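Asks: One structure, pasted below without further comment.
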Amino acid sequence: MNEPSLPPSPGSREHVSLDLVNSEIHLPAGVRRDALETPESTTAWLVERGLVGEDAALQSYCQNRLSGLRGHLREAFATRVAGGHLAPGTVEGINAALAAAPNASLLHYVPGEGFFRSLEHPATRLVEHAMSVIAEDAVALLAGDESERLARCEAEPCMRFFLRTHGRRQWCSVRCGDRVRAARAYARKRAEAGSSH
Ligand SMILES: [Zn+2]
């Protein structure tokens, strides 16, 4: 059976860093979906979010860098949710992405035209620009008040991250909640059938 993809989890439309971490998902029956599987799918993911222009074509080097950032963000979010040790290099990796591209609008001077300012995104630094935007979002989330609401879906094998919209939300989507409830009902029925013999 071809399991359809899950809708975006709460908070991932507002936070591109959550969206990136959730770009690799695990569905029932061992199905894994990775939006960063190829350079082409990575480019499409970035274009859909307006992080690179429509005509961009990223190489596998860029794909690997972005999936490296995703690994660091996953590690940081998991530590924020569940505590415990942060893997070495996580903070450094996120900070490196943050500093990978200048976000300041720089001053230029052209004789005869005068001064002007513009944001530099040279074509060779597309992925650096995207990574710095994503890292900025992650840092604001992790170090801000909203991080209190960061949670991880408790429906195996999902594990997507989301922002809780109310106190005790345990699942990233209705579908995950339904799956857990159905599994519990099934287990209860089996237990009842077992005890009636
Ligand atoms: Zn889920």
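The values are calculated or read from the model by the stated rules, or taken from the named source; none is laboratory data. Here the structure is a predicted model, which means the values were calculated and not measured. Glycine also receives a Cβ, built like all others from the backbone with ideal geometry; neighbour counts cover every protein chain displayed.
Asks: Restricting to the stretch 35-57, give me the number of residues that are over 14 Å from Ile134 (Cβ atoms) and either in contact with a Gly (Cβ under 6 Å, 6 or more places away or on another chain) or crowded, with 20+ Cβ neighbours inside 10 Å (or both).
Replies: Taking the stretch 35-57 as the starting set, the residues that turn out to be over 14 Å from Ile134 (Cβ atoms) are 37-41, 43-44, 47, 53-57.
Of the ones still in play, those that are also either in contact with a Gly (Cβ under 6 Å, 6 or more places away or on another chain) or crowded, with 20+ Cβ neighbours inside 10 Å (or both) are 43.
Within the stretch 35-57, residues that are over 14 Å from Ile134 (Cβ atoms) and either in contact with a Gly (Cβ under 6 Å, 6 or more places away or on another chain) or crowded, with 20+ Cβ neighbours inside 10 Å (or both) number 1.
Asks: Select from the stretch 176-197 the residues that are buried (at least 16 other Cβ atoms within 10 Å of the Cβ), of a type in the set (A, V, I, L, M, F, W, C) and more than 19 Å from the chain's Cα centre (by Cα) and list them in ascending order.
Replies: Of the stretch 176-197, the ones buried (at least 16 other Cβ atoms within 10 Å of the Cβ) are 176-177, 179-180.
If we keep only those that are of a type in the set (A, V, I, L, M, F, W, C) as well, we get 176, 180.
Answer for the stretch 176-197, where residues must be buried (at least 16 other Cβ atoms within 10 Å of the Cβ), of a type in the set (A, V, I, L, M, F, W, C) and more than 19 Å from the chain's Cα centre (by Cα): just Val180.
Asks: When both residues are 6+ apart or on different chains and their Cβ atoms are under 7 Å apart, which pairs have a first residue that lies in the stretch 22-42 and is modelled with pLDDT of 90 or more, and a second that is surrounded by 13 or more Cβ atoms within 10 Å (Cβ to Cβ) and of a type in the set (Val, Ile, Thr)?
Replies: Close Cβ pairs satisfying both conditions: Arg33/Ile25; Leu36/Thr42.
Asks: For the stretch 4-12, indicate whether the set of residues that are surrounded by 12 or more Cβ atoms within 10 Å (Cβ to Cβ), without any contact (Cβ under 8 Å) to a residue 60 or more places away in the chain, under 17 Å from the mean Cα position of the chain (by Cα) and within 15 Å of the ligand (Cβ to nearest atom) is non-empty.
Replies: Yes, the conditions are met somewhere in the stretch 4-12.
Asks: Sort out for me the strands (runs of 3 or more DSSP E) sitting completely within the stretch 97-175 that have 2 or more residues that are more than 21 Å from the chain's Cα centre (by Cα), exposed (fewer than 13 other Cβ atoms within 10 Å of the Cβ) and at pLDDT below 95. Give the steps one after another, and end with the answer.
Replies: Details: elements: 106-110, 114-118, 150-152, 161-163.
Filter on the stretch 97-175 gives 106-110, 114-118.
Asks: Mind telling me which of the residues Ala76, Ala57, Ala96, Ala82 ends up being under 20 Å from Ala140 (Cα atoms), without any contact (Cβ under 8 Å) to a residue 60 or more places away in the chain and of a type outside the set (Ser, Thr, Tyr)?
Replies: Exactly one of Ala76, Ala57, Ala96, Ala82 is under 20 Å from Ala140 (Cα atoms), without any contact (Cβ under 8 Å) to a residue 60 or more places away in the chain and of a type outside the set (Ser, Thr, Tyr), namely Ala96.
Asks: Now a separate question. Only one of these conditions is not met by Ser132: (1) closer than 24 Å to Glu92 by Cα; (2) within 16 Å of the ligand (Cβ to nearest atom). Which number is it?
Replies: Just one mismatch for Ser132, condition (2).
Asks: Another one. Tell me, yes or no, whether the stretch 62-73 has at least one residue that is at pLDDT 90 or above and in contact with an Asp or Glu (Cβ under 6 Å, 6 or more places away or on another chain). Spell out the reasoning first.
Replies: Pass one, the stretch 62-73, residues at pLDDT 90 or above: 62-73.
If we keep only those that are in contact with an Asp or Glu (Cβ under 6 Å, 6 or more places away or on another chain) as well, we get none.
Among the residues of the stretch 62-73, not one is at pLDDT 90 or above and in contact with an Asp or Glu (Cβ under 6 Å, 6 or more places away or on another chain), which makes the answer no.
Asks: Which of the following residues is assigned to a helix (DSSP H, G or I) and at negative phi: Leu69, Leu58?
Replies: Working: Leu58 fails: assigned to a helix (DSSP H, G or I).
Selected residue: Leu69, the only one of Leu69, Leu58 that is assigned to a helix (DSSP H, G or I) and at negative phi.
Asks: Among the residues of the stretch 72-86, are any charged (D, E, K, R) and either part of a loop (DSSP other than H, G, I, E, B) or more than 16 Å from the ligand (Cβ to nearest atom) (or both)? Break it down stepwise before answering.
Replies: Here is the first cut: in the stretch 72-86, the ones charged (D, E, K, R) are 74-75, 80.
Cutting the leftovers down to either part of a loop (DSSP other than H, G, I, E, B) or more than 16 Å from the ligand (Cβ to nearest atom) (or both) gives us 75, 80.
Scanning the stretch 72-86, I find at least one residue that is charged (D, E, K, R) and either part of a loop (DSSP other than H, G, I, E, B) or more than 16 Å from the ligand (Cβ to nearest atom) (or both), so the answer is yes.
Residue by residue, here is whether (1) in contact (Cβ under 8 Å) with a residue 24 or more places away in the chain; (2) more than 14 Å from the ligand (Cβ to nearest atom); (3) out of contact with any Phe, Trp or Tyr (no Cβ under 7 Å at 6 or more places or on another chain); (4) farther than 30 Å from Gly30 by Cβ holds:
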| residue | (1), (2), (3), (4) |
| --- | --- |
| Leu142 | yes, yes, yes, yes |
| Met159 | yes, no, yes, no |
| Cys172 | yes, no, no, no |
| Arg175 | yes, no, yes, no |
| Gly194 | no, yes, yes, no |
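Asks: Among what's in the stretch 13-58 and is among the β-branched types (Val, Ile, Thr) and within 22 Å of His166 (Cα to Cα), pick the residue that is farthest from the ligand (Cβ to nearest atom).
Replies: Step one: of the stretch 13-58, the residues among the β-branched types (Val, Ile, Thr) are 16, 21, 25, 31, 38, 42-43, 47, 52.
Next, only the ones that are within 22 Å of His166 (Cα to Cα) stay: 16, 21.
Numbers: Val16: 19, Val21: 13 Å.
Restricting to residues being among the β-branched types (Val, Ile, Thr) and within 22 Å of His166 (Cα to Cα), the top hit is Val16.
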